[in-house]
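Laboratory data are not the source of any read-out in this text; all were calculated from the coordinates shown. Since the model is a prediction, treat every value here as computed from it, not as a measurement. For neighbour counting, all protein chains shown are included, and Cβ atoms are generated from backbone atoms with ideal geometry for every residue, glycine included.
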């Protein structure tokens, strides 16, 4: 491998601009060498925003380019599988946005393809990298909260009720809030608590989304804008998740509202997206109080990111690239990998099945 990991971004939209390019810029071990997007106008703009790179509208060119080592995929959900499989076949390490595929089967196929070629694979589960989430995980795994008994997550957003574009059609997105936001919480709950054995879930749609932002008519939404589930973990703990994009008054400068809490036999601890450098913690007989996250948990080990710079709810996301590049240079698995993405997808799929059948669904995902 050359001196620097040569990264291509496929999908030049807001997620890449917001998360991935800043992460590449602060990591001296890698460089952005190519950008791919079907929108020529956006490609030209990114040449100005991100600096000169190779540019193409065809992901196949990225997959076949011998001067690219790794790719970051930030494209619509229905494109993840074909792009990832092409890049893996071309010998590229791959980070992909969630959900990996439109269902568990697609996600598992992507995992097996990367595993079988001994390539690094990573699911962009951003919130695992929040300092408060990392510290809550430490408290759980170290036994500081006692035996974990319960997990609870709320993720509320106050988004417009106009069209989501491709995101509101099942064949392109798979599902709505469940696949877009709640799946993150499914993932980090399993990172904290272990595997989920069974799910009882529900989804709902309140916004028809029959008009675009500029008032043009469009086909109505087919996906959920609210999702909720109750889960049973293999360790005997329980979980409750709820998410929605229609929670009025929970805008918070675009960050929305998020609270994720673990209750143990000795104490409880909670993470908040709007205050990610602090946790809320309490022990038996006491009161939940804010506590600063210790400095060693503010960035992942080795990251050059200064936790005092930037908006706390934004800058922790840059550590995804550091983990991706670290796994490539060290020849180890990324965390979280495609396997984690696929297992979260299995739970999300089971939520839809549970609601359709009005029953509990056992999780039996085999990778």
* Structure fact -> With only helices counted (DSSP H, runs n ≥ 4, each -39500 (n - 2.57)), the per-residue ellipticity at 222 nm for the chain, to the nearest 500, works out to -8500 deg cm²/dmol
* Asked: Contour minus end-to-end for residue 158 and residue 118, with contour as 0.36 nm per residue of separation and end-to-end as the Cα-Cα distance?
  -> 10.2 nm
* How many percent of DSSP beta bridges within the chain run antiparallel, rounded to 5? -> 60
* Taking neighbour counts of Cβ atoms within 10 Å as a proxy for exposure, in what order, fewest first, do 214, 27 appear? -> 214, 27
* Structure fact -> Sorted largest first, the C-alpha extents of region 5-126 along its principal axes in whole angstrom are 39, 27, 26
* Asked: Exposure proxy check: 33, 311 ranked by fewest other beta carbons within 10 Å?
  -> 311, 33
* Asked: Can you list, largest first and rounded to whole Å, the semi-axes you get for region 270-315 by taking the square root of 5 times each eigenvalue of its Cα gyration tensor?
  -> 24, 12, 7
* **37 °C / 0.692 mPa s Stokes-Einstein diffusion coefficient of the chain, Kirkwood radius on C-alpha pairs, µm²/s** => 156
* To do: Quick one: compute the contact order of the chain, relative version, from alpha carbon pairs under 8 angstrom and 6+ residues apart, as a percent.
  => 20
* Structure fact -> Expected sort for 28, 132 with the fewest Cβ neighbours (10 Å cutoff) up front is 28, 132
